[in-house]
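Chemist: Following this message is one structure expressed as structure tokens.
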């Protein structure tokens with residue numbers, strides 16, 4: 001069982017790398033119009049899938065892999081991306097093992113809420129600290145940062161869950 005978890009985590013970590021580098025090299029990450037430093041991508045999907053397939057530790061490891069691969073380009077963005085995706089997983093954790101679809105939906109909503117709160121606080125602390133934006137600008141942009149994290153969290157959480165359900169039916173998880 002442990003080998004399956006390690007192998008699956010490694011494969012999903014590799015998928016994070018492939019997705020991130022492919023989207024970065026092809027320049028197809030979609031910038032958030034209000035603050036183009038924020039970009040929509042699919043890096044979070046394998047992180048959420050790792051949670052559903054192998055548990056919180058796997059999700060944490062794949063988040064760390066996302067941090068490492070992105071940090072070669074921009075360490076601050078890498079930290080924020082890994083924090084955003086893992087905070088989504090953290091919000092899902094209390095519900096992910098419950099079998100009913102209702103609890104899965106509550107977990108996804110909770111994941112999006114946790115991500116949104118964590119990232120609002122993180123942006124207030126990190127962006128002024130690294131002199132990316134002054135505190136006043138971050139506070140003024142906070143509604144847009146929140147909107148971005150709701151959308152990005154929904155993309156990661158829903159797609160990760162849909163892929164999990166698909167795999168569960170096909171390979172009998």
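Coordinate-derived values only; no laboratory data. Model, not experiment: these values are computed from the prediction. A quick note on method: Cβ atoms are made from the backbone with ideal geometry, for glycine too, and the neighbour counts reach across all protein chains shown.
Chemist: Find the relative contact order for the chain and round it to a whole percent, using C-alpha pairs within less than 8 Å whose residues are 6+ positions apart.
Modeler: For the chain, the relative contact order is 22 percent.
Chemist: Along the Cα→Cβ direction, 7 angstrom out, place labels at residue 166 and residue 98. What is the inter-label distance in nm?
Modeler: 2.6 nm
Chemist: Let me ask another. Can you put 165, 85 in order, fewest other beta carbons within 10 Å first?
Modeler: Lowest count first: 165, 85.
Chemist: Right, here's the next one. Give, in nm to one decimal, the length gained when the segment between residue 159 and residue 5 is fully stretched (0.36 nm per residue of separation minus the Cα-Cα distance).
Modeler: Length difference between fully extended and current span is 53.4 nm.
Chemist: A follow-up question, please. Between region 1-46 and region 102-173, what is the C-alpha centre distance in whole Å?
Modeler: With region 1-46 and region 102-173 each reduced to a Cα centre, they are spaced 14 Å.
Chemist: If you don't mind, there's one more thing I want to ask. What is the fewest-to-most order of 28, 48 by other Cβ atoms lying within 10 Å of their Cβ?
Modeler: Going from sparsest to densest Cβ surroundings: 28, 48.
Chemist: Sort 127, 21 so the one with the fewest other Cβ atoms within 10 Å of its own Cβ comes first.
Modeler: Exposure proxy ranking, most exposed first: 21, 127.
Chemist: Can you give me the angle between helix 2-25 and the longest principal axis of the chain, using Cα atoms only, in degrees from 0 to 90, rounded to the nearest 10?
Modeler: 40 degrees
Chemist: Measure nothing fancy, just the Cα-based angle from helix 135-171's long axis to the longest principal axis of the chain, in degrees from 0 to 90, nearest 10.
Modeler: 10 degrees
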